[in-house]
Every structure is written in C-alpha cells, then in structure tokens.
1. Could you check region 169-250 for strands (runs of 3 or more DSSP E) lying wholly inside it with 1 or more residues that are farther than 20 Å from Gly78 by Cα, in contact with a Leu (Cβ under 8 Å, 6 or more places away or on another chain) and within 15 Å of the ligand (Cβ to nearest atom)?
2. How about region 191-207: which of its residues are surrounded by 20 or more Cβ atoms within 10 Å (Cβ to Cβ) and over 16 Å from the mean Cα position of the chain (by Cα)?
3. In region 135-147, which residue that is over 11 Å from Val60 (Cα atoms) and of a type outside the set (A, V, I, L, M) is surrounded by the fewest Cβ atoms within 10 Å (Cβ to Cβ)?
4. Enumerate the pairs (first residue in region 267-282 and under 10 Å from Val218 (Cα atoms); second residue anywhere and among the acidic types (Asp, Glu) and within 6 Å of the ligand (Cβ to nearest atom)) with beta-carbon separation below 7 Å, excluding pairs fewer than 6 apart on the same chain, so at least 6 apart or on different chains.
5. Would you mind finding the one in Asp310, Asp295 that is away from the ligand (no atom under 16 Å from the Cβ) and farther than 24 Å from Gln181 by Cα?
6. Could you name every one of the strands (runs of 3 or more DSSP E) located completely within region 1-61 that has at least 1 residues being within 16 Å of the ligand (Cβ to nearest atom) and out of contact with any helix residue (DSSP H, G or I) (no Cβ under 8 Å at 6 or more places or on another chain)?
7. Say whether the condition of being crowded, with 20+ Cβ neighbours inside 10 Å, closer than 25 Å to Leu131 by Cβ and of a type outside the set (Val, Ile, Thr) is met by at least one residue in region 27-38.
8. Of the numbered conditions (1) away from the ligand (no atom under 16 Å from the Cβ); (2) surrounded by 15 or more Cβ atoms within 10 Å (Cβ to Cβ); (3) at pLDDT below 95, Arg275 fails exactly one; give the number of that condition.
Amino acid sequence: MHKVQIPGSAAEVCRIGLGGGGLIGGASLRESVAVFEAAYEAGIRYVDVAPLYGLAEDVVGNLVRSHRGDFIVATKVGIARPRLPGLLSLLRKTLRPIAVRLPTVKQFALRQTQGLVATGLFHPDQVRSSLEDSLRRLKTEWVDILLLHEPRTRDITPELLRELDQFVSSGRVRLLGTGTQGPAEHSIRYGDVWQHRYAPGDALPANKLGLRVVHGVVRHGLPLLRAAIAARSATASAMSSRYGFDFFDPDAHPAILATLALAADPRSVLLVSSRHPLRIRRCLAQVNWSIARGDTPEYVERVGAFLTADSTAAAAR
Ligand SMILES: NC(=O)c1ccc[n+]([C@@H]2O[C@H](COP(=O)([O-])OP(=O)(O)OC[C@H]3O[C@@H](n4cnc5c(N)ncnc54)[C@H](OP(=O)(O)O)[C@@H]3O)[C@@H](O)[C@H]2O)c1
C-alpha cells in the first residue's frame, strides 16, 4: 500500500482508509468484521469512524486494540451517537434492500435515522464528553485524528479551540481537522486534516499544508461511469487500451474511480466503504498505483471529462 507523510511528523499513513460508515455492528457484526479483515489483508491501516456511525467505534475498538500502534484511527465530534445505535443498525440493515428499490422509502428511512441524532454539538463540554466516550468505545488512550463533524463557521469559537488544544497537549488527540459530507469548496477548514467529498466534477482546491482525506468517489462515480460507458463506448474502449483497465467490466469500476481520486491529489488519502469484503478486496487489488501517485496526470483530466461530459453538456444547454 502506498503511503503519504502525516503533517508535522515523520510518520506515514496508507493512502486508502476504510470508511467506518458501513461497520455497523449489531445484527451485521459478522459482516463488519469480515469487511475490516478484508481491508486489513489488503494493507489498510487507517479507519475513519464517528459516534454517528452507531456501533462502528465499538467494532473498531475491539478489532484494533491488540495492534493499536499499527493503526491510524480517526473519529469525530459534533454529531451525537444515535440514542439507539443498535436500532439504527437494524433499521439500516432491514430497510436498505427495500429502500434501494423505492426512493420514497429511502427518503422516509433517511428522515427517521436523522431524527435519531443531534448535530452541532460543539460546546467545550459536549466535545470533551464526546471524546471521552469515543476513547472508551475505541478502547484506546488516544485517537490519531479528531475531526469536527460538519461544523459551521459559528461553531468554531475560541472556547472550542482552547478545548481542542487541550486534547492535543494531553496526548489524547494527535491531529485535528474537519470532516464534511460536501465537496471541498463548501467545507470549513480547521487544523491539519481536511476531510471532504471528492466526486467526479468536484473542484479540488490546492492543499499545500496538511492532510487531505476524501470520500465518496465510488458512491457518486459509479452511476456516472455506467452512464458514460453506455453513451460513449468508443471512448471507453480507447481508455481501456490506454490505461489498462477494462472499462466494460463492472468489477473494475470502483478501482477506476479510486485511481481517479488518488491521482487527483497524489498526496491525499481516499476512504472507501462497502458491506461486502469482496468489493473491498477487488477495488484495492486493481488500483493502478503508478497513475495514483501522479505518473499519468492526463488520466484525471480525461477520465474526469469522460464521466462529467453529460452534466457539462446539460449545463451548457
Ligand atoms: N462528514 C464526513 O466526514 C464524512 C461524510 C461521508 C463519508 N465519510 C466517510 O467516508 C467513508 C466512505 O464514504 P462512502 O461510503 O461514500 O464511500 P464510497 O466507497 O465512495 O462508497 C461506498 C458505497 O459504494 C457502494 N459500492 C462499493 N463498491 C461497490 C461495487 N463494486 N458495486 C456497487 N456498489 C459499490 C457501497 O455499497 P455496498 O456497501 O453495497 O458495497 C456503498 O454504498 C464513510 O464510511 C465515512 O467513514 C465521512
């Protein structure tokens, strides 16, 4: 697994991390453990969790405790753990197959799960108790990265910053940052780690300092890639010969997209997630590391344009 340097340190971090959003534990504990093991065998030593992800911190805590020093563990403050994390896992597991087919059910399920969580919890007392709870669930004395989860400008107060400095000086947190669902241009940046979405077509502002961590390229890229191949098969064929991926093989799609995100900023870390160990294995095995480290910069331009041609044309009309 290729690595990048952690800011302000000689230590390095692997360029692909496992998103804990899918490690839901509870009724899915066995699947969550299998996904984690697949990621570990593929060389992943970076895990991103949050109180919001239900039982994910408990699952990860049990799995990393005997090799804690080998892992980079990132968690978050600002959005509470659901009041009934087991119920949330069960809801996601049972509703997902129906929700995928019925968008209205999906919207309903989303509203229900959102109703179970509280956001914007950035008062110093709230972040302190959130970190303490996370450390307990993660069964560790420190987290490598603590992200403010979906902060707004008004949340970043001098009192909060004093509290965060305390976390670092006491050794409970190594690096601070922000983590947001949206793209870089809509995100607030604070600290050394800048976590945001990277979907095909998203602008990627320069990042001279600190560690960029991106997520969402597979989630947002798969439908674009399928549509682009159907609409422009001759270009897909030319790109298959040029870049060594079979664009017509759906099993290669996550790696085509992961390679795009990694190459878009060769100093970034990419988070991936799946409920299926095989998907994690396949994606990691097929990443083209030469392109990912920036040896073929045209890949980002050409594959990016291939994926976004329909939306660019629609915007021009
Ligand atoms: N605020 C924040 O900081 C923030 C916000 C969003 C995300 N994140 C982090 O980023 C992580 C990754 O984000 P993400 O979940 O959007 O990652 P992603 O890897 O881009 O997308 C994962 C989605 O793609 C699907 N997928 C993966 N491989 C597939 C395949 N071969 N075929 C079809 N579908 C496939 C997965 O479904 P299956 O499970 O069915 O495979 C899942 O729904 C999250 O877990 C979380 O840790 C952080």
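The values are calculated or read from the model by the stated rules, or taken from the named source; none is laboratory data. None of the values given here were measured: they were computed from a predicted structure. Here the Cβ is made from the backbone with ideal geometry for all residues, glycine too, and neighbour counts use every protein chain on show.
1. Working: elements: 173-183, 193-197, 211-215.
By residue number, 211-215.
2. Correct list: Gly191 only.
3. So the residue we want is Glu141.
4. Leu271/Asp48
5. Sole residue among the options that is away from the ligand (no atom under 16 Å from the Cβ) and farther than 24 Å from Gln181 by Cα: Asp295.
6. 12-14, 16-19, 46-48
7. Yes, region 27-38 contains at least one residue that is crowded, with 20+ Cβ neighbours inside 10 Å, closer than 25 Å to Leu131 by Cβ and of a type outside the set (Val, Ile, Thr).
8. (1)
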